[in-house]
Each structure stands twice: as structure tokens, then as C-alpha cells.
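Chemist: Dumping the structure here so I can ask a few things about it.
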Amino acid sequence: MVDSTHTNDALAEDDAVDRILAREEARHTSRIFGSAEAIQDQATASGGDDGEQWDLQARHALRRVPGLSTELEDVTEVEYRQVRMENVVLAGVYSAGSLQDAENSMRELAALAETAGSVVLDGVLQRRPHPDPATYIGRGKADELKGIVESVGADTVIADTELAPSQRRALEDVIKVKVIDRTAVILDIFAQHAKTREGKAQVELAQLEYLLPRLRGWGDSMSRQAGGQVGAGGAGMGSRGPGETKIELDRRRIRNRMAILRRQIRGFAPAREAKRQERTRNTIPSVAIAGYTNAGKSSLLNRLTHAGVLVENALFATLDATVRRTQTADGRVFTLADTVGFVRNLPHQLVEAFRSTLEEVGQADVVVHVVDGSHPDPGGQLATVRDVLADVGARDVREIVVFNKMDLVGEDERLVLRGLAPDAVFVSSRTGEGIDELRRVVEDALPVPDVEVTALVPYSRGDLLSAIHETGQFLEQSHEAEGTRVRARVSERLAHDLAPYTA
């Protein structure tokens with residue numbers, strides 16, 4: 001007899017495979033109510049004591065994390081039935097680092113779950129030397145977690161790390177509800193927010209890479225065809241075992257689909273490279289806005305360029321790179337690119353899938369690194385983003401650190417932020433504080449044309465004057481009968497175009 005829990009799991013995964021492979025464009029959008037409350041600071045927070053003697057009580061305690069519950073405000077019973085909202089309990093394990101670091105990670109997981117459309121009912125943390133290889137938190141603590149899940153009425157548990165397939169199955173077998181991990185939540189959010197064809201293809205590829213090793217099937221009911229004489233052990237007709245099972249078929253379908261998606265993503269590269277080369281040919285400097293998710297990058301882009309980019313108080317509201325042209329006070333043109341936000345433990349599938357998008361950062365002349373100044377752990381955000389920037393080859397790009405949301409930050413906190421990045425610019429996209437200063441800092445960081453030319457440009461070549469205006473710097477300009485005499489600093493390419501008219 002097949003276990004009903006396993007059968008339901010298999011059917012659910014079958015639906016997931018079909019759903020992802022079908023690439024449904026009309027995805028169900030869940031309403032999000034309330035916001036995850038901040039985790040209370042604990043007097044018992046311990047410092048980094050990696051390698052010290054483990055405290056027995058701390059090791060054996062499954063600690064409840066207060067303040068994670070998501071409140072529902074102004075939600076009627078009818079509204080609640082109409083929206084799909086999973087009731088979740090968060091579970092985390094930490095070994096190195098402090099309790100505060102672990103709680104910050106859990107706070108972020110609560111925000112991720114809420115953005116994905118869930119209601120966070122509770123959260124628990126356990127300190128142990130390393131996650132249990134079988135059930136992540138250990139069999140005894142899994143039984144305790146089962147009791148918590150039953151008491152609060154949760155239908156899903158979210159682990160604050162990427163679980164091995166065997167860990168997820170073992171934990172589900174104990175607590176009897178669905179178990180997912182941090183990576184699955186992030187992938188779900190990305191799938192909801194991808195808008196362009198390239199963005200959708202990148203997210204789908206990441207989903208399939210994550211799903212492939214996690215497929216599971218149960219019993220002969222998963223068989224698609226009978227095996228042959230060899231598969232039957234030579235026993236002949238009537239005793240043949242299953243041939244290609246449902247799980248094997250799904251794996252083959254997924255691999256085929258992944259190959260198609262990789263070809264599609266490679267196909268987007270020439271158009272993106274052509275645009276990049278056009279900007280390079282025109283010597284237009286580029287500025288990339290990078291930073292932690294929900295740090296206010298899109299709001300800052302709107303402030304600087306009036307781009308009209310979607311601004312939403314949610315994680316990963318921006319997935320597709322937005323490039324806008326703007327200009328300095330003296331008329332030099334440059335581009336500003338808004339990029340996908342980063343997060344702790346960003347799934348490697350997403351880093352690889354979005355590598356082409358993140359390359360906008362690596363090939364920029366300047367990176368504006370936006371940090372949420374009101375976040376409890378701005379230093380952690382800074383370090384996380386710099387790690388990802390190094391992965392995409394942007395370690396040596398000129399960086400301007402910008403602390404955003406300063407309208408929510410007091411004077412004492414400003415001193416702490418100044419200690420993290422002494423040369424940072426303090427801004428508020430909401431009030432406009434510091435925006436003019438940021439413009440000046442960005443303009444000063446842009447590469448300046450270094451070839452000085454003197455030329456008499458015919459009036460028929462107004463395009464050359466426009467190019468000087470956009471990408472160069474006029475030093476002198478006068479109008480004569482034959483044309484416009486200019487002395488300017490320009491790029492090497494533009495100097496070559498002006499060569500026939502130089503004095």
C-alpha cells in the first residue's frame with residue numbers, strides 16, 4: 001500500500017513540473033497583508049564563539065523567536081477565503097556567529113515569506129554545531145516542531161537555508177506538513193516578478209535546476225511503460241517490471257527544457273551586447289545602481305532620472321535591468337542601470353541564471369551601491385553585496401556607497417553608518433535629502449575625455465557638435481563663416497572622427 005502522504009507529495013511535484021514546464025504567464029498573485037514585525041533584541045545574545053565549548057542548554061533548546069508573527073489587518077473572512085495565503089512557521093539552525101546575526105537572517109526570511117504571499121505564524125531557532133544531516137534540526141527537535149505547527153495551525157514550514165532533498169523528505173515525514181527552504185521561497189518571488197522574456201527564461205531555468213534533484217516518485221503507479229525481457233530478469237511476459245517511470249520521464253523533460261532555455265538566454269546576448277557596444281562606440285559612460293533587495297534602488301533611479309520604474313515595498317520588486325539616459329549639469333550624457341537586488345545566501349542557481357543581467361554591473365564605469373540605512377544590519381548588507389559584485393567581476397569598478405532611507409535614521413545611527421563607510425552619501429529617495437550631493441559625486445566619478453582637439457567643424461556636420469556636447473567637454477567655441485571652431489576634450493574615437501577638420 002502506498003503511503004498517502006508520499007502519494008500527495010508525488011502528485012504535488014508532478015503539478016509543479018507541469019506548471020513550470022508550461023511557463024504559465026498568468027501567474028496567481030497573492031495579496032500581502034501586514035508586515036513582519038522586528039525580532040526583539042535578546043539580552044542573552046552571544047558573540048561569535050565558533051570553536052568554544054558548546055553550552056549544553058543552548059545546544060538542546062529549540063528557541064522560539066518572538067515578534068515574527070505577521071498581523072492581518074482589515075481582512076474580512078470573505079477576503080481571506082479569496083486569497084491564497086499559506087500559514088507558515090520558520091525554522092533556523094545556526095552554529096557560527098551571534099544570535100543577533102541568526103535573528104537578522106530569520107527576520108529577512110519572514111520578509112521573504114510575506115513577499116511570496118504567506119502569513120508567518122511563528123519562528124524557532126536552534127543552536128547546534130552543524131545542521132543534522134537527516135532532519136536538519138534533529139529527530140527530537142523535529143517532534144517539538146511538529147507540536148508547534150499543530151498548535152498554531154500552520155500548513156508549511158520554511159527552513160532558513162537550502163535543504164538537501166533527503167532532509168526535506170525526512171522532515172516532512174515527521175511534521176506531516178509541507179517543508180520548503182529559503183531557496184524555494186526566493187525562486188517563487190522571482191517567478192512572480194519577472195516581466196521580460198529574458199527575465200522569465202532566466203527564472204524558469206533556475207527553477208528547473210533547483211527542482212531536478214528534488215523529484216521523487218512512489219511505487220509502480222509512477223510507471224509510464226512496461227520494461228522488456230532484460231528488465232523483467234528474463235522471466236518473460238506477465239512479469240515485466242516498470243520501464244521508464246514517471247520520474248524518469250519528468251527528468252528527461254526537464255533536461256530538454258533546460259537546454260532550450262539556455263539556448264534562448266544565449267540568444268538574448270547579441271542584442272544586449274549590441275546595445276552595450278553602441279554605448280561604448282558613443283563613449284557614453286555607464287553607472288550601475290546595485291544593492292541589497294528593497295534598499296530603494298528603483299526609487300533612487302526615479303529620483304535621478306524620472307524613469308517611472310516600479311517602486312514597491314517588497315523584496316525583489318525589480319528583476320529586469322532598467323537602463324535610462326540622463327546627463328550631468330554641464331550636459332555630458334551617461335546611462336543609469338537599475339539591477340536585481342541581492343540577498344543573503346542568494347541561490348547559486350539565480351546567480352548563474354542572472355549572470356548576464358549582473359554583467360551590467362561588472363561593465364559599468366561606476367557602481368552606486370545602495371544600502372538601506374534604516375536596516376538593523378547595514379554592515380551585513382554591505383558585505384553581502386560586495387561578495388556578489390566580486391563574483392560578477394565588479395570588484396575593481398569605482399564604488400559610491402549610498403545610504404538610503406535616511407529620513408528614518410536618527411543622529412546616533414548616522415554616526416554608526418559613517419563608521420561603516422566614511423565616504424558614503426546619505427540620501428532619502430522619499431524626501432529628496434542628499435540627491436543633489438549624490439549627483440555631484442556621480443558626476444565627479446565619471447570618466448572624463450582626455451584627448452584635447454581644436455577643429456573647424458562645418459555647419460553640415462552638426463552631428464559632431466552634438467557628439468561633443470553629449471560625450472565630451474567644450475573648452476572654447478566660436479562661429480565663423482566656414483563653420484564652428486571648437487576646442488574640446490573628447491574620446492579617442494571622437495577625436496578620430498574630428499581629425500579631418502582639425503587645424
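The values are calculated or read from the model by the stated rules, or taken from the named source; none is laboratory data. Remember, it's a predicted structure, so these values are computed and weren't measured experimentally. Neighbour counts run over all protein chains shown; Cβ positions are idealised from the backbone, glycine included.
Chemist: Please name all residue pairs, on different chains or six or more residues apart, with Cβ atoms under 7 Å, provided the first residue is in region 127-143 and is under 16 Å from Asp160 (Cα atoms) and assigned by TED's automatic domain parsing to the domain that holds Met106 and the second residue is buried (at least 16 other Cβ atoms within 10 Å of the Cβ) and of a type in the set (Phe, Trp, Tyr).
Modeler: From residues that are under 16 Å from Asp160 (Cα atoms) and assigned by TED's automatic domain parsing to the domain that holds Met106, the pairs are Arg127/Tyr94.
Chemist: Which condition number in (1) touching a residue at least 40 places away in the same chain (Cβ under 8 Å); (2) within 29 Å of the chain's Cα centre (by Cα) is the one that Ala164 fails?
Modeler: With respect to (1) touching a residue at least 40 places away in the same chain (Cβ under 8 Å); (2) within 29 Å of the chain's Cα centre (by Cα), Ala164 is out only on (1).
Chemist: Just for region 120-137: of the residues that are buried (at least 24 other Cβ atoms within 10 Å of the Cβ) and under 25 Å from Tyr292 (Cβ atoms), which one is farthest from the chain's Cα centre (by Cα)?
Modeler: Gly123
Chemist: Look through region 419-473, keep the residues that are under 17 Å from Val366 (Cβ atoms) and β-branched (Val, Ile, Thr), and return whichever of them is surrounded by the fewest Cβ atoms within 10 Å (Cβ to Cβ).
Modeler: Only one residue tops the list, namely Val448.
Chemist: Return the only residue of Pro347, Pro378 being free of Cβ contacts under 8 Å to residues at least 60 places away in the same chain and either on the phi < 0 side of the Ramachandran plot or within 18 Å of the chain's Cα centre (by Cα) (or both).
Modeler: Pro378
Chemist: Okay, next question. So which residues in region 444-459 are within 49 Å of the chain's Cα centre (by Cα) and more than 14 Å from Ser478 (Cβ to Cβ), if there are any at all?
Modeler: Once the filter is applied, which keeps residues that are within 49 Å of the chain's Cα centre (by Cα) and more than 14 Å from Ser478 (Cβ to Cβ), region 444-459 yields Asp444, Ala445, Leu446, Pro447, Val448, Pro449, Asp450, Val451, Glu452, Val453.
Chemist: Whether any residue in region 388-399 is within 30 Å of Glu482 (Cα to Cα) and either surrounded by fewer than 14 Cβ atoms within 10 Å (Cβ to Cβ) or modelled with pLDDT of 95 or more (or both) is what I want to check.
Modeler: There is no residue in region 388-399 that is within 30 Å of Glu482 (Cα to Cα) and either surrounded by fewer than 14 Cβ atoms within 10 Å (Cβ to Cβ) or modelled with pLDDT of 95 or more (or both).
Chemist: Restricting attention to region 130-137, does a residue exist that is in contact with a strand residue (DSSP E or B) (Cβ under 6 Å, 6 or more places away or on another chain), at negative phi and assigned to a loop (DSSP other than H, G, I, E, B)?
Modeler: Yes; the residues of region 130-137 include at least one that is in contact with a strand residue (DSSP E or B) (Cβ under 6 Å, 6 or more places away or on another chain), at negative phi and assigned to a loop (DSSP other than H, G, I, E, B).
Chemist: Hey, which of the helices (runs of 4 or more DSSP H) in region 406-503, taking only ones fully inside, have at least 3 residues that are farther than 21 Å from Gln327 by Cβ and in contact (Cβ under 8 Å) with a residue 60 or more places away in the chain?
Modeler: none
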